[in-house]
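Each remark here refers to the structure printed beneath this line.
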Amino acid sequence: MDKRLLVTGGAGFIGSHLVRRLVQQYPDYKIYNLDLLTYAGNLENLSDIEHFGNYHFIRADITDFIKVAEVFNNFGITDVIHLAAESHVDRSISDPTAFMKTNILGTMNLLLAAREAWKSDYSAHRFYHISTDEVYGSLGPEGAFTEHTAYDPRSPYSASKAGSDHMVRAFFHTYGLPVIVSNCSNNYGPNQFPEKLIPLIINNILHQRELPVYGQGLNVRDWLWVKDHVSAIDLLFHQAKPGQTYNIGGRCEKTNIELVGMLCDLMDQKLNRTPGSSRQLIRYVKDRPGHDLRYAIDSGKIENELGWKPSIGLEEGLVATIDWYLSHQDWLKNVTSGSYMDYYKKHYSK
């Protein structure tokens with residue numbers, strides 16, 4: 001069967017890196033990128049592959065079931081990698097309804113369309129759902145999330161992703177739909193919208209603005225280079241057995257303040273500024289509600305079963321990320337204009 005692979009959210013951060021990899025590495029596949037192009041979806045992220053013959057963009061909303069069903073029928077979709085989601089915790093606190101609609105209803109629509117389109121023979125298909133480590137809740141100082149950790153979401157965002165994960169697994173157990181689920185740690189790298197910590201800090205240092213850090217900056221996150229994540233997605237899509245869940249992590253824990261300090265020092269070197277000058281821009285701001293203390297991923301399952309491991313360490317990845325943003329300042333300027341500044345003032349005021 002010819003692969004006609006639908007990637008949802010393919011104009012976003014992780015999605016654009018995945019679409020590029022799939023288009024370039026699998027010329028015999030037809031890759032359909034479905035994205036609504038909300039604030040974080042940007043076709044400029046894919047300008048280098050937009051003219052490839054095996055790539056096709058579809059602008060559509062996954063919350064519109066009729067449109068989703070049309071896409072499956074019109075393009076003969078054989079497989080799905082589902083990344084489309086509202087994904088920023090702060091935004092979910094301000095507007096939880098949008099997260100419930102996109103992340104739960106949108107996922108349900110895709111599952112229903114896939115079930116109907118593939119009902120003659122599920123075995124030839126895959127529905128791969130991308131999730132987050134945030135569904136597991138907050139860890140203490142020891143231990144790490146495994147695939148068997150009980151869900152304990154603490155924000156509207158993580159609750160909506162937990163709901164979508166449960167629905168995907170329910171379609172496997174109830175209908176036999178061939179699903180795969182993966183839960184990843186914090187991604188970073190080129191093309192990330194600067195509401196997220198690393199590009200936000202890079203952009204603010206570049207313009208010598210204050211660097212907002214929630215609370216005392218002691219929240220711990222596990223950081224994963226985005227291209228390592230998409231290599232894991234590629235591997236799991238092709239080799240994981242239906243019904244399986246895999247955790248994907250970078251095995252690289254840092255407190256937020258440690259990470260911001262690293263970015264300050266690296267940016268000072270890149271910009272030939274006085275060492276330590278960017279650290280003077282750090283400002284502690286009121287912590288956000290329900291801020292999980294620590295996340296850590298045990299990615300032993302994918303490492304042991306399929307041989308995947310992160311390819312680069314955090315400092316090397318941060319240097320590459322900084323280099324990309326410094327050489328793409330027009331991209332930064334375009335995505336941080338207008339409504340982004342209103343959002344920024346709302347969430348990072350003292």
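The values are calculated or read from the model by the stated rules, or taken from the named source; none is laboratory data. Computed from a prediction, not measured in an experiment: that's the story for all the values here. Here the Cβ positions follow ideal geometry from the backbone for every residue, glycine too, while neighbour counts run over all protein chains shown. Heavy atoms of the whole protein, side chains included, go into the accessibility calculation; ligands, DNA and RNA do not. Shrake-Rupley method; radii C 1.70, N 1.55, O 1.52, S 1.80 Å.
Could you grab me the full set of residues in the stretch 133-148 that are over 21 Å from the mean Cα position of the chain (by Cα) and under 15 Å from Glu253 (Cα atoms)?
Of the stretch 133-148, the ones over 21 Å from the mean Cα position of the chain (by Cα) are 140-143, 148.
Scanning the stretch 133-148 gives Gly140, Pro141, Glu142, Gly143.
Residue by residue through the stretch 139-155, note down the ones that are open to solvent by less than 40 Å² (accessible area, probe 1.4 Å) and either among the small types (Gly, Ala, Ser) or part of a helix (DSSP H, G or I) (or both). Selection gives Gly140, Ser155. Against the list (1) more than 21 Å from Gly15 (Cβ to Cβ); (2) open to solvent by less than 40 Å² (accessible area, probe 1.4 Å); (3) among the basic types (Lys, Arg), the condition Lys161 fails is (1). Residue check: is Thr174 assigned to a loop (DSSP other than H, G, I, E, B) and among the β-branched types (Val, Ile, Thr)? No: the conditions fail for Thr174. Considering the stretch 187-301, the qualifying strands (runs of 3 or more DSSP E), each wholly inside and each with 2 or more residues that are among the hydrophobic types (A, V, I, L, M, F, W, C) and open to solvent by less than 10 Å² (accessible area, probe 1.4 Å), run over 211-214.
Taking the stretch 31-51 as the range and being over 22 Å from Trp118 (Cβ atoms) and either open to solvent by 80 Å² or more (accessible area, probe 1.4 Å) or in contact (Cβ under 8 Å) with a residue 40 or more places away in the chain (or both) as the test, the residues that pass are Asp35, Leu36, Tyr39, Ala40, Asn42, Glu44, Asn45, Asp48, Glu50, His51. The set of residues from the stretch 64-82 being of a type outside the set (Phe, Trp, Tyr) and open to solvent by 30 Å² or more (accessible area, probe 1.4 Å) comprises Asp64, Ile66, Lys67, Glu70, Asn73, Asn74, Gly76.
For the subset of the stretch 109-138 comprising residues that are assigned to a helix (DSSP H, G or I), more than 15 Å from Val71 (Cβ to Cβ) and out of contact with any helix residue (DSSP H, G or I) (no Cβ under 6 Å at 6 or more places or on another chain), which member is most open to solvent (accessible area, probe 1.4 Å)? Top of the filtered list is Ser123.
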